[in-house]
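Report on one structure; see the data block that follows.
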Amino acid sequence: MELSEPRLSTGVEPLDRLLGGGIRPGVFHLFYGSESCLDPLLYRILVSSLLPVGMGGFGGRAVYLYCGSYRVEKNVLDTGLLTSLVKASGLDPGEALDRVDVFLAFSGEQQMQVVEDVARLITGGHGVKLLLVYNIASLFRAEGRLGRERLARLKQVVSRLWQSCAEHGVAMVAGCRPKFGRKGELPRPEGGRYLQHLP
């Protein structure tokens, strides 16, 4: 008898169907869109990953990596939304949030350093089942464009994280803003064709 690979629900049934049943371990998943839609989706995925396997989760630890400019008026993690989603899922907030490791990077240089810390956590046998990267490309964007050097650094970051996740069966979920082109064209992810065409 062949065992089916576990899938993690995004909390959005049509999206789960598009993904062939949900988020898969060892696979890179990129979602992009407006913050008002993307943030709740990413937080739902984060909380779902903490659920026991029998309840549709991965039953392990999760890593949340925030990449973006620091702004006093914006929290890097909406703890109110996260806590309400944890409570709604039936998990104990204290126990569940103790299983979420948070890393912050406010510059491209910090992101390069933090990526190594995250990779060590993933490969160190700590039971990490999900890596969620928020605004994965934002630190490498300069004046709306992703230059050649910055694109090379973005590729290095994504490759390092993805390789660590793939080798250890950790689902990698990343979010970024949409980049709008000419009128009538579908938006692309910030980070350009590189992120858009990752398998």
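None of the figures in this text is laboratory data; all of them are computed from the coordinates on show. Bear in mind that the values here come from a model prediction, so they are computed numbers and not experimental data. A quick note on method: Cβ atoms are made from the backbone with ideal geometry, for glycine too, and the neighbour counts reach across all protein chains shown.
With r defined as the distance between the Cβ atoms of residue 116 and residue 152 and R0 fixed at 22 Å, what FRET efficiency is calculated, to the nearest 0.05?
FRET efficiency, residue 116 to residue 152: 0.80.
Sort 163-176, 35-48, 11-24 for me by packing, meaning the mean count of neighbouring Cβ atoms within 10 Å per residue, highest on top.
Sorting 163-176, 35-48, 11-24 by mean packing, highest first, produces 163-176, 35-48, 11-24.
Which order do the peptides 126-132, 99-105 take when ranked by the mean count of other beta-carbon atoms within 10 Å per residue, highest first?
Peptide ranking by packing, descending: 126-132, 99-105.
By how many nm would the segment from residue 182 to residue 88 grow when fully extended, if each residue of separation counts as 0.36 nm and the alpha-carbon distance is taken off?
29.7 nm
Starting from the Cα-Cα distance between residue 17 and residue 159, subtract it from 0.36 nm times their residue separation and give me the gain in nm to one decimal.
48.4 nm
What whole number of Å gives the distance from the Cα centroid of the stretch 91-133 to the Cα centroid of the stretch 155-179?
First find each Cα centre; the distance between them is then 12 Å.
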